[in-house]
Amino acid sequence: MAKKPAKIIIVGGGLAGLMATLKICEDGSSVDLFSYCPVKRSHSLCAQGGMNACMDTKGEHDSIYEHFDDTVYGGDFLADQGAVKGMVEMAPKLVKMFDRMGVPFTRTSEGTLDLRNFGGQKNKRTVFAGSTTGQQLLYALDEQVRRWETKGTVKKYEFWEFIKIIKNKQGICRGIVAQNMNSNEIKAFAADVVILATGGPGQVYGRCTASTICNGSAVSSAYQQGAEIGNPEFLQIHPTAIPGSDKNRLMSEACRGEGGRVWVYRKNPQTGEKERWYFLEDMYPAYGNLVPRDVASRAIYKVVVHMGLGMKNPNRVYLDLSHIPADYLERKLGGILEMYDDFVGEDPRKVPMEIFPSIHYSMGGIWVDTKHHTNIPGLMAAGECDYQYHGANRLGANSLLSATYSGVVAGPESLRLARSGELGDALTPEEMEAARKECAEEFDRIRAMNGTENAHRLHHELGDIMYKYVSVERDNNGLAECLKELKGILRRWDSIGVTDHGTWANQEAMFVRQLRNMIIYAMAITKAALLRDESRGAHAKIVLENGERKLDENGDLVFMPRDDARFMKTTIVSFNKETEEPEVTYREFDHSLIKPRLRNYAVAKKE
Amino acid sequence: MAEQKKVRFVIERQDGPNDKPYTQEFDVDYRPGLNVVAALMEIQKNPVTVDGKTVAPVVWECNCLEKVCGACMMVINGKARQACCSLVDKLDQPIHLAPARTFPVIRDLLIDRSVMFESLKRIHGWVAVDGSWDSKDAPGQNPYTAQTAYEISHCMTCGCCLEACPNVGPQSDFIGPAPTVQAYLFNLHPLGKYDAPIRLNALMEKGGITSCGNSQNCVEVCPKNIKLTTYLAQLNRDVNKQALRNIFDH
């Protein structure tokens, strides 16, 4: 007997959303796909360096277990090991799928897929399409989904913004409210199951490597409606970005994978002569320039901020490719070298690039189980917006993998749930209208705001605050202060004035709504960081002594150690509707497969 | 203190699809590396014209700001290009911004490019795989062919080439260089080429490759430096061959 077709709403058309869409279409069910933008312009396309999968085509005896161990070790033992295992096992199959779909992967002379080195991994394991891998993977799925669109099983709602979920009488999520960003029409939509695949919250920090659409607003909205957030304090700071006033542009880890070196000038401690100091190679002889991102970013901070080396005002270090033959660079890294030239006006084939760390990726996000269900029945999450797979730090080139894999899991699982008979009642027209009306009234209130604050300037301040207190190095004084200042920002949100009061493509009013969600998510990040009294992965907390940052005998900052007994647990943040504040608890997770051990990239990894 | 250097922007605005366009001028503080999107963001922070009038902020589309997503295409000093990588230092001032009027204007600089995505359906712009499940290994590929595919696959559907093409517009049905050349991309793939006749036949129809007037404007403006005219010429040859094949196969 044919299975009963289900109707799934997917919000977000990046790799995760499109992959889930494909799986659902292949089942014969249908998808309403919502996106801020044509899905072909989603942020997945900014991923540059590649996707990890144990292809083992370089004679290095790479193994899936090694990929598994590198990911868990790289994530400082905070990733759910059962979930990671499933992902790394599937990875080579996903590469073959993309290859069949026509992704123009870079190839060897024999025509097989080439592999490159990436951070935190000793073996060549990263398949890539030049330096625009994300763009190429996204396009492949975009094309496949377009094919289903012609068959009528996908209905795209592009330029529609998700506002909130709608629950039925049993508290099960059965629909959403969304707004057409051009006509500003607000409408309620019903489905069997809703999957959020809305990407990361980089815009909470203002200037970051994320696209302007990566504001975390949808995640924050779900959080305010009861979805739990997992590990929000773990934000990846990418060591090599080109700082800019409008955005920090990513300079791929593939630069270092292909032999790029990071250095600053210093006086040689013995001879006193000026020399280039390749500090990552010096500090971490086993991994050198290919240490994981959290480690590299901390090293750059140490060298520039604390030792006073590197360029000052603004702070920069060199990322150098100029020793590598130009034709090799062109073939392997062409796209991003052109980008550096476009935006900085210098040719990185000839001169070292000037770079600095930037907010890049959120390991944390909506808490999901290994099948991608949130704690709200009927609501699922996939891609960067969920908290799975990366623990306390993500390895480079694991994000294209986790985004795709989570779609592979979430799509079929949404269908199982849709057919399970566990979804309670469908939404009534009254319930849908009530939800729609609430959002429409909120939008009208925002359009009428006539206070003195400018939303975009307030957003800039929000980013400054988050960079100041919740960045590479954190301490409890700063985090407590940050929470206080965020409450101030939230209060000032009430005093925003808009200059556009219309109802046609009113981007300003939509931004004001997003901004409130960003501030509330920032509070979840900060509270979680404040309460986690240890250092793990991207969360590095400095010890305070008599209210000051503690230094050791060499004058180096003293960081809290990793504390497995207290903190080898998932942070769970819930929104308290009365106080509008985050509440933090901790949850056990599966770490049964690889025993925790100390993470040290100065020496080769021991198993 | 030295006086802050300003950059003048003359922006063509339009409140809705059927409203009359008008211009407004804004001054933005100069800083090194300033690009057009960054300047529009500054206007959002202070939406006041040079006449001191507070207005609604300018509406436009942008996402990645890295010249990969294709969203922020607009006409800058008369030329279609991405706003994010248009550095003020390299532009004549005052800087004129206008929407790409080859496409319907939604508001200000925001345009509706859905026609391009529709054209990708028409040219069968995908490899018709059996499914996303694990089946067989993909065939190996000539690395040189793969490199050509990689070049064409950079097309971000921004629409610069359509804006620049004299044959795209109300006078013609031409679907434009970008979607046309995508057909060539899929015909290169070892599995995609199975459907090459479908794509070539689609390009024989009204608005297909015969509408290309070979003005060569497209290749001049492509922000991804795709050799559009080279591939259009190749496709033209392939379409002719297909036409002959159609005759003899009947």
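Readers should treat all values here as calculations from the given coordinates under stated rules, not as data from a laboratory. Quantities reported herein were computed from a predicted structural model and do not represent experimental measurements. Positions of Cβ are generated from backbone atoms using ideal geometry, with glycine treated the same way; all protein chains shown enter the neighbour counts.
Quick rundown of the values:
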quantity: The stretch A:245-290-the stretch A:561-607 distance, computed between alpha-carbon centres (Å); calculated: 30 Å
quantity: Share, in percent, of DSSP beta bridges within the protein assembly as shown that are antiparallel, nearest 5; calculated: 75 percent
quantity: 222 nm mean residue ellipticity, helices alone, for chain A (DSSP H n ≥ 4; -39,500 (n - 2.57); rounded to 500); calculated: -11000 deg cm²/dmol
quantity: q = 0.05, 0.10 Å⁻¹, the protein assembly as shown: log10 I(q)/I(0) [Debye, one scatterer per Cα]; calculated: -0.25, -1.12
quantity: Paramagnetic reach from B:Glu3 in the stretch B:89-133 [backbone N under 20 Å; point 7 Å along Cα→Cβ]; calculated: B:93-95
quantity: GNM top mover of B:Gly52, B:Gly16, B:Gly33 - chain B, alpha-carbon springs below 10 Å; calculated: B:Gly52
quantity: Lysines with Cα under 30 Å of A:Lys550, excluding same-chain neighbours fewer than 8 positions away; calculated: A:Lys267, A:Lys302, A:Lys312, A:Lys468, A:Lys484, A:Lys487, A:Lys527, A:Lys541, A:Lys569, A:Lys605
quantity: Cleavage-rule hits, trypsin sites (Lys or Arg not before Pro), the stretch B:134-209, DSSP coil, Cβ neighbours within 10 Å at most 13; calculated: B:Lys136, B:Lys206
quantity: Span-like helix ranges in chain A, DSSP H, alpha carbon extent 20 angstrom or more, Kyte mean at least 0.0; calculated: A:81-101, A:399-418, A:507-531
quantity: Eligible aspartates and glutamates near A:Lys187 by straight Cα distance, threshold 15 Å, same-chain separation 8 or greater; calculated: A:Asp32, A:Glu158, A:Glu161, A:Glu430, A:Glu431, A:Glu433, A:Glu438, A:Glu441, A:Glu442, A:Asp444
quantity: Euclidean distance of C-alpha centroids, the stretch A:171-241 and the stretch B:128-205, integer Å; calculated: 33 Å
quantity: In degrees, nearest ten, helix B:228-249 long axis to first principal axis of chain B (Cα); calculated: 30 degrees
quantity: Between the stretch A:415-431 and the stretch A:504-530, the Cα center-to-center distance that results, in Å; calculated: 30 Å
quantity: Trypsin sites (Lys or Arg not before Pro) lying in DSSP loop within the stretch A:331-397, provided at most 12 other Cβ fall within 10 Å; calculated: A:Lys350
quantity: Square roots of 5 times each gyration tensor eigenvalue, C-alpha, the stretch B:6-111, largest first, Å; calculated: 19, 18, 12
